[in-house]
Amino acid sequence: MSYILTLVASSDNLPLTDKHFSVIANIIEHYNLKFQSKIIWLDKAKAAQISISGSAQSSLVAHLRETLEKDRIDFFVTKNENCQKKLLLADMDSTITTGETLDDLADYAGIKDRVSEITARAMNGEIDFHDALRERVALLKGLKTTALAATLAETNLSAGAEIFVKTMRKSGAACVLVSGGFTFFTEEIAARCGFGFNHGNRLEIQGDELTGMVKDPILDKYSKLELLEVYMSDFNLGKDDCLTIGDGANDLPMLKAAGLGIGYHPKETVKDEITNCILYGDLTAALYAQGLSGDDFCAVC
């Protein structure tokens, strides 16, 4: 089976050139791999791909990351078949949006630092996600629901998020937002980006205040994997038809299960286990990873 190596520059000041491919050609020879095609430019000086004779083992991934770090270039190694995916499952916090909505909500309670510390440990896989979620939400007991609306109004999309999702939908993919965050946010963010479906956890509210409780069942890393399997079944797709993307430990099962799992500015635990990561660029890099060019991208008003 042949594979595709795609390189994507993250900055106009550090363009992608033929020289990068020449350097990599010498590297992969040490791993008994070779180029099998000419370079195909998706966007000049920005993104290009080339066929290679095999997949990338962990030592080669580390070697390529070290080599390309200086010029802040992302790379992807994908199968030559089923390049354009028909199903997208994307995490929300720190992936489709720039921050952690629960942490931002905690800012209104004056406890953001305390909550953020728990979030960071959970996203790195250091503590149980269920326990971390319940502990953080309990700290918000009594917070007015107006804080939810204020937090949503201040929530920013990650660079390239709208282009990424809307281009996927234009190409015929079903797009699903799955989050360990809350439906109050996923519903609006999904609509803003163009997702057709969204799933999240549900806050318990009485009157105009948070009770400090999360309604069962809690959506966690296994729920994300289950949702991937449900949508694969609903649309009669195989894993090679699927793209998943996320940043934290609770995304790992769905990232590993999809034909193309991408870590987006990932936590170390994800970076260590996932080959294909966007370390420097924006979310449009995931489109280049599927062989799409800038001409295929949806414009965003």
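All of the numbers you see were taken from the coordinates with simple rules; none came from a lab. Just so it is clear, the structure is predicted and the values come from calculations on it, not from any experiment. Every residue, glycine as well, gets a Cβ built from its backbone with ideal geometry; the counts of neighbours run over all protein chains shown.
Observations on the structure shown:
- Note on region 245-301: with charges restricted to the Cβ of Lys and Arg (+1) and Asp and Glu (-1), its dipole about the Cα centre is near 120 debye.
- Mean Cα-pair separation over length for region 1-81, i.e. relative contact order, pairs under 8 Å, 6 or more apart, %: 50 percent
- Other residues with beta-carbon under 14 Å from the beta-carbon of Asn236 carry, at +1 per Lys or Arg and -1 per Asp or Glu, a net charge of -2.
- Length gained on full extension, Met1 to Ser293, computed as 0.36 nm times the residue gap minus the Cα-Cα distance: 102.7 nm.
- With the charge dipole of the chain set up from +1 on Lys and Arg Cβ and -1 on Asp and Glu Cβ about the Cα centre, the Cα lying farthest toward the positive end among the listed residues Thr183, Phe129, Gln36 is that of Gln36.
- Listed candidates (1) 67, 47, 33; (2) 64, 34, 34; (3) 63, 62, 33 - label of the one calculated as Cα extents along the principal axes in Å: (2)
- Each peptide in 114-125, 241-252, 199-210 gets a packing score, the mean of other Cβ atoms within 10 Å over its residues, and the list from highest to lowest is 241-252, 114-125, 199-210.
- Dipole magnitude of region 148-290, debye to nearest 20 (Cβ charges: Lys/Arg +1, Asp/Glu -1, about Cα centre): 400 debye
- In Å, descending, principal axis extents of the Cα set of region 1-81: 34, 24, 18
- In this calculation the C-beta distance from Gln206 to Thr146 is compared with R0 = 22 Å, giving a FRET efficiency of 0.90.
- Here the 3J(HN,Hα) profile of region 40-47, calculated from phi with Karplus coefficients 6.51, -1.76 and 1.60 at θ = phi - 60°, is 10, 7, 8, 8, 4, 6, 10, 8 Hz, Gly and Pro shown as x.
- What you get for region 1-81, charging only the Cβ of Lys and Arg (+1) and of Asp and Glu (-1), is a dipole of about 100 debye around the Cα centre.
- Model label zone, Glu66; criterion: amide N under 17 Å from point 7 Å along Cα-to-beta-carbon; scope region 257-272: 272
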